[in-house]
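The values are calculated or read from the model by the stated rules, or taken from the named source; none is laboratory data. Given the structure is predicted, the values throughout are model-derived calculations rather than measurements. With ideal geometry, Cβ positions are generated from the backbone for all residues, glycine too; neighbour counts draw on all protein chains shown. What goes into the accessible areas is simple: the full protein's heavy atoms, side chains included, and nothing from ligands, DNA or RNA. Shrake-Rupley method; radii C 1.70, N 1.55, O 1.52, S 1.80 Å.
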Amino acid sequence: MARTTTSSRKTFNTVLAWSIGLLIFFPILWTILTSFKSEGQAIADPPLFFFFDWTLENYIAVQERSDYFKFLTNSLIIAGGSTLLGTLIAIPAAWSMAFVPSRRTKDILLWMLSTKMLPAVGVLYPIYLVFIELGLLDTRTGLVIVLMLINMPIIVWMLYTYFREIPSEILEAARMDGASLRSEILYVLTPMAIPGIASTILLNFILAWNEAFWTLNLTAAKAAPLTAFIASYSSPEGLFYAKLSAASTMAIAPILVLGWFSQKQLVRGLTFGAVK
Amino acid sequence: MSEHITSALVAIAIGVLGILAYFWISNAILDALIGRSRRPNKEVLREQIRPWLFVGPALLFLFVYLVYPVFETLYLSFKDENSREFVGFSNYTWLFNDPEFHITLRNNLMWLLIVPTLSTIFGLVIAVLADRSRWGTIAKSIIFMPMAISFVGASVIWKFVYHYNGDVANQIGILNALVVAFGGEAQFWLATPLWNNLLLMVILIWIQTGFAMVILGAALRGVPEETLEAAIIDGATEIQIFFKIIIPQIMATIVVVWTTIAILVLKVFDIVLAMTNGQWETQVLANLMYDWMFRGAGDFGRGSAIAIVLMISVIPIMIWNIRRFRQEEMGR
């Protein structure tokens, strides 16, 4: 397609594509810029772009008001823990479905796919009741379990599609050489599967980090992660503009950095491997 | 605080050890029970059971999380507000006569028609543009950025855009600032019915356009050059090439994008919760259910009935999607 494009046409396209890009990026950029302004400058008319007195006072104020680092720790534990446990359960499942498929394998995979499509609201209340019963409400352990469950189908699917790309002849060769099942997994499969596993972990971490439906419903003060932190700031009334911007920037910054490097994984995971 | 962190980490470590122990022990038991004998029939049996040991935990967890709660919700939707007595279909008859539910259905339908379609179209246009421009990859990464942000985070950012200061000249919300600059009158847009629905949809379109763009961009690069060259030789215009050569070849991918976003859209909750909380005729099913269950009302029968309606409305798209996946798998 590139060959059919003339040079002046290309310049036009470039300008247009970048304008759209900046337009889409603008709300994020504006939020970040505002977070470094003083409250007075944040509402200045005409608006100030880059030439204002940069300050960190909003960040300090937000941390003092609502202890950002507590939410950050919770997010890290919940996203990290659920990803770790989910991956450990999913690797053997995906391994056996990719390399030892049975007649039921396709059905199991499609069933898993369908569970991910069902709206979470349908299962919220019964799980809520179970959580009350087990004393898991507003605990990190409870959220780790729930997020592990809701992302399990995606993890299994992702790993399955990655594992299937590994040529099975290599495994057969290892088996011929008398490798046991354990050493087959540890020394042959794992090194070849690590890129796929890493991608799956990255994707799952982002999904767990951004999960709001379950975290908002099953936590209160103690175990609330960053999604709850932002939600608590979601009414600007009575709050200050620059501080609100600082709070949002703090909440999205970690994931923006991670997201930049994980386009491929996000796309592959969200389409269940349909798009590689 | 640090004590809590330690206990959470210990819990995770126990979980990890538990999972590893399960796989180890269950395999050892299988080997011990059926023996390490090389007799063919025993070996066959053993290797038929082993995969189930591996898949088992994942299936069991999904069953606990999904199958049981769905039936529980269905059951509760036939009971009264405290889940004590059976009330038959009265939750459903109430629901279908409730004016707010009608608005909610209308909104969900609007979301379903508008958001996936516009996201797909914008994604396609941007993918075509970026492919033919300089530094297109970086431009695409920037456009993809909103995709990484949680819906709640995105909502807070867009609250700034839609912000309304009251009846003053100095509007700090970007939308109102633009409206005033063009001689219009600032408004509390989020409280203006029908428009406000579109404004909420813009947020999801903003997030999903990057997703559509990446997928469609990959599909565009897969279109064989020869088909385009043949069309050019035959004197086709660029528009004709786009609609008659390129689009038919990437149609399957367009369907993937549309359905993936459609399923997401039916579940939309966070954006509405954070932006308007369903006020001013912006209610959607998931948030309506949330209202009836947890906020104020506390009617679990009605809430469950709404949840069931939502699940049933997802099923057609779900079946369609699964059928497509099955065909794809068969084709391999």
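Tell me which lysines have Cα within less than 23 Å of residue A:106's Cα, excluding those fewer than 8 residues away on the same chain?
Of all the lysines, those that pass the test against residue A:106 - Cα under 23 Å, at least 8 places apart if same chain - are A:116, A:276.
Can you figure out the FRET efficiency of residue A:106 with residue A:7, using R₀ = 56 Å and their beta-carbon distance, to the nearest 0.05? Intermediate results must be reported in sequence, preceding the final value.
Values: r = 50 Å, r/R0 = 0.90.
Taking R0 as 56 Å, the efficiency between residue A:106 and residue A:7 is 0.65.
Counting residues in the stretch A:84-242 as N, plug N into 2.2 N^0.38 Å and put the Cα Rg over that result.
Details: Rg = 19.8 Å, N = 159, 2.2 N^0.38 = 15.1 Å.
So the stretch A:84-242 has a normalised radius of gyration of 1.31.
In debye to the nearest 20, how big a dipole does the stretch B:101-227 give about its Cα centre with +1 on each Lys and Arg Cβ and -1 on each Asp and Glu Cβ?
On the way: 6 positive and 5 negative charges, 35 e Å.
Its charge dipole is roughly 160 debye.
Per-residue accessible area for residue A:53 at 1.4 Å probe radius, Å² rounded to 10?
Answer for residue A:53: close to 110 Å² accessible.
In whole Å, what are the Cα extents of the stretch A:10-138 along the three principal axes, biggest one first?
Projected onto its principal axes, the Cα set of the stretch A:10-138 covers 66, 54, 27 Å.
Would you work out the charge dipole size for chain A about its Cα centre, treating the Cβ of every Lys and Arg as +1 and the Cβ of every Asp and Glu as -1, and quote it to the nearest 20 debye? Please list the in-between numbers first.
Working: 19 positive and 16 negative charges, 182 e Å.
My answer is approximately 880 debye.
Using the beta-carbon distance between residue B:87 and residue A:187 and R0 = 56 Å, what value does 1/(1 + (r/R0)^6) give for FRET efficiency, to the nearest 0.05? Don't jump to the answer; show the numbers that get you there.
On the way: r = 61 Å, r/R0 = 1.09.
Approximately 0.35, to the nearest 0.05.
To the nearest µm²/s, what D does Stokes-Einstein give for the stretch B:95-223 at 4 °C and 1.567 mPa s, using the Kirkwood radius over alpha carbon pairs as Rh?
Numbers: Rh = 16.7 Å.
In µm²/s, the coefficient rounds to 78.
Just which residues of the stretch A:212-232 lose 10 Å² or more accessible area with every protein chain there, against their chain alone, with the probe set to 1.4 Å?
Residues of the stretch A:212-232 that lose at least 10 Å² of accessible area once the other chains are added: A:212, A:213, A:216, A:217, A:222, A:227, A:230, A:231.
Which one, B:246, B:149, B:201, projects farthest toward the positive side of the charge dipole computed for the protein assembly as shown from Cβ point charges (K/R +1, D/E -1)?
Farthest towards the positive pole: B:246.
Using a 1.4 Å probe, what is the accessible area per residue for the stretch B:25-145, in Å²? Working shown, then result.
Working: 6450 Å² over 121 residues.
I get 53 Å² per residue for this part.
To the nearest 10 Å², what's residue B:93's accessible area with a 1.4 Å probe?
80
Where does the Debye-calculated log10 I(q)/I(0) of the stretch B:244-303 sit at q = 0.14 Å⁻¹, using only Cα point scatterers of equal weight, no solvent?
After summing over all Cα pairs, the log10 values are -0.54.
State, to one decimal in nm, how far the label point of residue A:134 lies from the label point of residue B:110, with both points 7 Å from Cα in the Cβ direction.
Placing both labels 7 Å beyond Cα along the Cβ direction yields 4.0 nm.
Of the residues A:244, A:189, A:147, which exhibits the maximal mean-square fluctuation in a Gaussian network model of chain A defined by a 10 Å Cα contact cut-off?
Fluctuation is largest for A:189.
Between B:284, B:272, B:64, find the one with the highest GNM mean-square fluctuation for chain B; connect C-alpha pairs within less than 10 Å.
In this elastic network of chain B, the residue with the biggest mean-square fluctuation among B:284, B:272, B:64 is B:64.
I'd like the distance separating the alpha-carbon centroids of the stretch A:174-218 and the stretch B:106-167, in whole Å.
Cα centroid to Cα centroid, the span is 31 Å.
Which residue, A:87, A:219, A:11, has the most motion in a Gaussian network model of chain A that connects Cα atoms within less than 10 Å?
A:11
Given labels modelled 7 Å from the Cα in the Cβ direction, how far is it in nm from residue A:198 to residue B:45?
4.4
Of all the stretches in chain B, which is the longest one without any exposed loop site, taking GluC sites (Glu not before Pro) in a DSSP loop (any state but H, G, I, E, B) with at most 12 other Cβ atoms within 10 Å?
Details: sites that count: B:85, B:185.
With a cap of 12 other Cβ atoms within 10 Å, the longest stretch comes to B:186-332.
Would you mind giving the average projected area, over all directions, of the Cα convex hull of chain B in nm² with one decimal?
Values: hull surface 116.0 nm².
Its Cα hull, projected and averaged over all orientations, spans 29.0 nm².
Need one number: nm distance between label points at residue A:177 and residue B:60, each 7 Å from Cα along Cα→Cβ, rounded to one decimal.
3.5
As an exercise, take the mean of 1/r over every pair of distinct alpha carbons in chain A, invert it, and state the Kirkwood radius in angstroms. Don't skip to the answer; put the middle values down first.
Values: mean 1/r = 0.0456 Å⁻¹.
Hydrodynamic radius (Kirkwood, Cα only) of chain A equals 21.9 Å.
When the Kirkwood hydrodynamic radius is evaluated over all pairs of different C-alpha atoms of the stretch B:198-287, what value in angstrom, to one decimal, is obtained? Can you show the working numbers first?
Working: mean 1/r = 0.0643 Å⁻¹.
After inverting the pairwise mean of 1/r, the radius is 15.6 Å.
State the volume of the convex hull built on the alpha-carbon positions of the protein assembly as shown, expressed per residue in Å³ and rounded to an integer. Please report the intermediate quantities before stating the final value.
Details: hull volume 115.7 nm³, N = 608.
It is 190 Å³ per residue.
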